[in-house]
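Attaching a single structure in structure tokens format; questions to follow.
The values are calculated or read from the model by the stated rules, or taken from the named source; none is laboratory data. On a predicted model such as this, the values are computed, not experimentally measured, just so you know. Glycine gets a Cβ as well: all are built from the backbone with ideal geometry, and neighbour counts include every protein chain shown. What goes into the accessible areas is simple: the full protein's heavy atoms, side chains included, and nothing from ligands, DNA or RNA. Shrake-Rupley method; radii C 1.70, N 1.55, O 1.52, S 1.80 Å.
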Amino acid sequence: MKIIKINSLKNLEKKLLPASQAIKKGHLVVFPTETVYGLAADCFNSQAVNKIFLAKKRPYSDPLIVHISNISQLRQLTSNIPKKVKKLIDIFWPGPLTIVVKKNPKVPEIVTAGLNTVAVRFPEDKVARKFIELCNTPLAAPSANLFSHVSATDLQHIIEDFKNEKYIKYVIYTKRPKYGIESTIIDCTKYPFKILRHGAIPKEEIIEKTGFKIIEIKKVTSIKKSPGQFKKHYSPKKPSYIIKNPVSFVKKTKDTDFVIVCSNQTKSKLLKIKPKLVIIPYGNNIKNIARNLYFCLRLADKMPKKKIYIEPVEMTKLGKSIMDRIIKATENKWIDI
Ligand code: TXA
Ligand code: MG
């Protein structure tokens with residue numbers, strides 16, 4: 001696994017060339033996007049895509065998102081682009097919105113877990129786009145982390161999860177991603193469109209900019225209907241809990257064997273009560289909380305403490321996406337003090 005560190009966009013093609021050649025040969029490459037790092041393979045090479053599942057220890061029932069760098073690649077993946085889908089694309093691409101559309105039979109079954117739909121995303125990150133362009137093929141890419149683990153937003157995370165992985169030839173590393181939370185996934189096969197995963201673009205923003213009616217999946221009843229919606233996901237290794245009121249909890253408890261991941265404001269309050277607490281602040285507004293959450297969870301996992309307590313955020317707009325991740329990271333376990 002070789003690391004290609006990109007500090008500037010100068011000579012970008014030259015820097016990315018070996019990694020794009022590796023993709024053409026059927027190897028895997030970790031690449032940056034504006035949401036989280038992705039683990040890529042040529043989407044039309046089933047054997048290469050199979051390596052993604054092996055490297056991540058990911059079940060084959062969980063389909064992959066295909067990444068493109070221009071609209072003509074979309075036509076390789078789906079044969080028909082309805083008017084409303086076109087409007088979504090015009091407004092949100094390139095960007096962190098993944099659309100699920102009817103699949104072209106040419107897309108291998110392994111990519112879509114046998115579904116007749118395909119999830120497509122056109123990232124806004126410049127390095128991502130140049131890389132896909134050089135590969136000259138759409139790239140199937142899940143987040144670059146072991147299955148059910150916290151997504152990777154830093155080089156260290158990628159190394160932790162894939163240190164000795166033989167299928168990954170290159171890691172293209174730029175910086176911490178702009179959004180830090182995965183793309184929003186919207187099912188466009190039937191109108192009203194349906195949010196399958198809350199993510200970097202809040203549902204409200206889609207409604208506001210398109211005027212579309214958009215619904216949400218309520219309760220996940222079957223993996224086939226909403227693949228990838230596993231109860232446990234984005235998880236630290238340590239027992240983790242949502243802590244409704246960190247201040248009153250810290251006042252009451254005698255235990256100190258925990259890390260608290262919370263807002264900067266809460267951190268200041270907690271330190272006044274117990275100056276020796278181990279606290280990892282995730283930020284002070286909803287955007288930087290989204291950006292920092294995974295980084296903080298991975299850091300909390302490394303601290304010499306037994307448990308992780310995470311402060312919730314308000315369930316509105318981007319907060320909904322953040323809470324989706326926090327709920328899955330903790331398997332919805334709450335400390336209600
Ligand atoms: O921001 C992101 O979306 C990142 C970056 C790397 O692009 N990717 C990502 O991929 O989060 P992954 O594999 O961690 O999550 C992809 C999810 C699947 O778990 C599944 O829920 C959904 O996308 N998905 C993929 N294909 C689908 C389909 N045909 N129908 C419904 N959901 C699908
Ligand atoms: Mg993932």
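Which shape class, rounded, prolate or oblate, goes with the chain when its Cα gyration tensor gives a ≥ b ≥ c as root eigenvalues, a/c under 1.5 marks rounded, and past that a/b bigger than b/c marks prolate?
prolate
Sorted by packing (mean other beta-carbon atoms within 10 Å per residue), highest first, where do 200-213, 313-326 land?
The packing order, highest mean first, is 313-326, 200-213.
Taking only protein heavy atoms into account and a 1.4 Å probe, give the accessible area per residue of the chain in Å². Working shown, then result.
Numbers: 15230 Å² over 337 residues.
I get 45 Å² per residue for the chain.
For region 231-315, rounded, prolate or oblate, judged on the Cα gyration tensor with a ≥ b ≥ c (square roots of eigenvalues), a/c < 1.5 rounded, else prolate if a/b > b/c?
Oblate shape, in that a/c is at least 1.5 and b/c is the bigger or equal ratio.
Could you tell me how far the Cα centroid of region 102-148 sits from the Cα centroid of region 25-88, in Å?
Taking the Cα centre of each part, region 25-88 and region 102-148 sit 1 Å apart.
Next question, about the same structure. Contact order normalised by length for the chain, with contacts defined as Cα pairs under 8 Å and 6 or more residues apart; what percent is it?
Once normalised by length, the contact order is 20 percent.
Given a Förster distance of 25 angstrom, what is the FRET efficiency for Ser8 paired with Lys178, based on the Cβ-Cβ distance and rounded to 0.05?
0.90
For Asp90 and Glu208 in one chain, what is 0.36 nm times their gap in residues minus the Cα-Cα distance, to one decimal in nm?
Contour length minus the Cα-Cα distance gives 41.0 nm.
Let me ask another. Measure out, as a whole number of angstrom, how far apart the alpha-carbon centroids of region 264-323 and region 240-255 sit.
13
Give the carbon-plus-sulfur fraction of the accessible surface of the chain in %, rounded to a whole number; probe 1.4 Å, heavy atoms of protein chains only.
Accessible surface attributable to carbon and sulfur in the chain totals 53 percent.
Apply 1/(1 + (r/R0)^6) to the Cβ-Cβ distance of Lys83 and Met315, taking R0 = 30 Å, and write down the FRET efficiency to the nearest 0.05.
Step by step, r from the Cβ atoms, then E = 0.40.
Sticking with this one: Can you list the HN-Hα couplings for region 70-81, worked out from phi with the Karplus curve (6.51, -1.76, 1.60; θ = phi - 60°), rounded to whole Hz and with x for Gly and Pro?
Values, residue by residue: 7, 5, 5, 5, 4, 5, 6, 9, 9, 8, 10, 10 Hz.
From the backbone phi of region 176-192, what are the Karplus-calculated ³J(HN,Hα) couplings (6.51 cos²θ - 1.76 cosθ + 1.60, θ = phi - 60°) in whole Hz, Gly and Pro given as x?
5, x, 4, 8, x, 9, 5, 5, 6, 10, 10, 7, 10, 7, 9, 9, x
Go through Lys166/Lys231; Lys25/Lys102; Lys252/Lys305; Lys130/Lys302; Lys169/Lys306; Lys57/Lys213 and tell me which ones have a Cα-Cα distance over 25 Å in this structure.
Checking Cα-Cα distances, Lys166/Lys231; Lys25/Lys102; Lys130/Lys302; Lys169/Lys306; Lys57/Lys213 exceed 25 Å.
Continuing with this model, one more query. For helix 12-24, what angle does its Cα long axis make with the longest principal axis of the chain, in degrees from 0 to 90 and rounded to 10?
Compared with the principal axis, the helix lies near 70 degrees.
Now for a different question. I'd like the trypsin sites (Lys or Arg not before Pro) in region 112-163 restricted to DSSP loop residues with at most 11 other Cβ atoms within 10 Å, sorted by number. Walk me through the numbers before you get to the answer.
Values: sites: Arg121, Lys126, Arg129, Lys130, Lys163; in loops: Lys163.
For trypsin sites (Lys or Arg not before Pro) across region 112-163 that sit outside H, G, I, E and B with at most 11 neighbouring Cβ atoms in 10 Å, the list reads Lys163.
With springs only between Cα atoms under 10 Å apart, run a GNM on the chain and tell me which of Val100, Val250, Val30 wobbles the most.
Comparing Val100, Val250, Val30 in the GNM, the peak value goes to Val250.
Between the helical axis of 318-329 and the dominant principal axis of the chain, each derived from Cα atoms, what acute angle in degrees is found, rounded to the nearest 10?
80
Helix-derived [θ] at 222 nm for the chain: sum -39500 (n - 2.57) over DSSP H runs of at least 4, divide by residue count, nearest 500?
Here the helix-only value at 222 nm equals -10000 deg cm²/dmol.
Now a separate question. Which residues' amide hydrogens lie under 5 Å from the amide hydrogen of Phe122, considering only partners 5 or more residues apart or on another chain, with H built in the peptide plane?
Amide H neighbours of Phe122, under 5 Å, 5+ apart: Ile68, Gly95, Leu97.
Can you work out ³J(HN,Hα) from phi for every residue in region 231-248, in order, using Karplus 6.51 cos²θ - 1.76 cosθ + 1.60 and θ = phi - 60°, giving whole Hz and x for Gly and Pro?
5, 9, 6, 6, 9, x, 7, 6, x, 10, 9, 8, 10, 4, 10, x, 5, 5
Calculate, in nm to one decimal, what Asp257 and Thr189 gain on full extension: separation in residues at 0.36 nm each, minus their alpha carbon distance.
Between Asp257 and Thr189, full extension yields 19.6 nm more.
When the chain is fully extended, how far beyond the present Cα-Cα distance does Leu146 get from Ile215, taking 0.36 nm per residue of separation?
That pair, Leu146 and Ile215, stretches by 21.8 nm at full extension.
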